[in-house]
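*Asks:* Structure incoming, see below.
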Amino acid sequence: MNDGLNLISLHELEDRRRCRNCMIIDLRSPELFAASHVPEAVNLPFEEFDQWRRVLPRNRTLILYCERGGSAMQAGRKLMQAGYRVEIVSGGYNSIQQRGELEKFRRPRQTED
């Protein structure tokens, strides 16, 4: 159940990388983030959610991903209830790895105006 959250595909995530009004958030541990991540993502570990959630920009769409999607769904529900625009990467970072999409995400993005 997605509770009204917008799930996005890997293709849509690729498009969001060019969006200036989007903030991509990796909810995984700092160790997993350091090993590999979507280049534009910031690491805000799920375990520290209560510490960082109140300082997120309200004027941007927050795109969340974790390892498989569960933590992103939990965080997304809370953020949506607090009035944030939220999108969740379907399948999490695992889906990027399993589909061999990592190379696509290593290319530099070109920002849309």
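*Asks:* State the number of residues belonging to the range 11-25 that are within 18 Å of Gly91 (Cα to Cα) and not in a loop (DSSP other than H, G, I, E, B).
*Replies:* Number satisfying all stated conditions: 8.
*Asks:* Of these, Glu47, Glu67, Glu87, which one is outside any loop (DSSP other than H, G, I, E, B), farther than 19 Å from Cys22 by Cβ and either modelled with pLDDT of 95 or more or not basic (Lys, Arg) (or both)?
*Replies:* After ruling out the rest, the residue left standing is Glu47.
*Asks:* Taking the condition of being farther than 16 Å from Arg17 by Cα and either touching a Phe, Trp or Tyr at 6+ places or on another chain (Cβ under 6 Å) or not in a helix (DSSP H, G or I) (or both), how many residues in the range 50-64 meet it?
*Replies:* Residues of the range 50-64 that are farther than 16 Å from Arg17 by Cα, as a first pass: 50-59.
The next check asks that each one be either touching a Phe, Trp or Tyr at 6+ places or on another chain (Cβ under 6 Å) or not in a helix (DSSP H, G or I) (or both); those that pass are 56-59.
Final tally of qualifying residues: 4.
*Asks:* Right, something else. Quick one: how many residues across the range 70-90 are surrounded by 19 or more Cβ atoms within 10 Å (Cβ to Cβ) and either without any contact (Cβ under 8 Å) to a residue 24 or more places away in the chain or of a type in the set (S, T, N, Q) (or both)?
*Replies:* Result for the range 70-90: 1.
*Asks:* Considering only the range 14-42, state which residues are of a type outside the set (D, E, K, R) and more than 18 Å from Tyr84 (Cα to Cα).
*Replies:* Ser29, Pro30, Leu32, Phe33, Ala34, Ala35, Ser36, His37, Val38, Pro39
The values are calculated or read from the model by the stated rules, or taken from the named source; none is laboratory data. Just so it is clear, the model here is predicted, and its values are computed rather than measured. Virtual Cβ from ideal backbone geometry, glycine too; neighbours counted across all protein chains shown.
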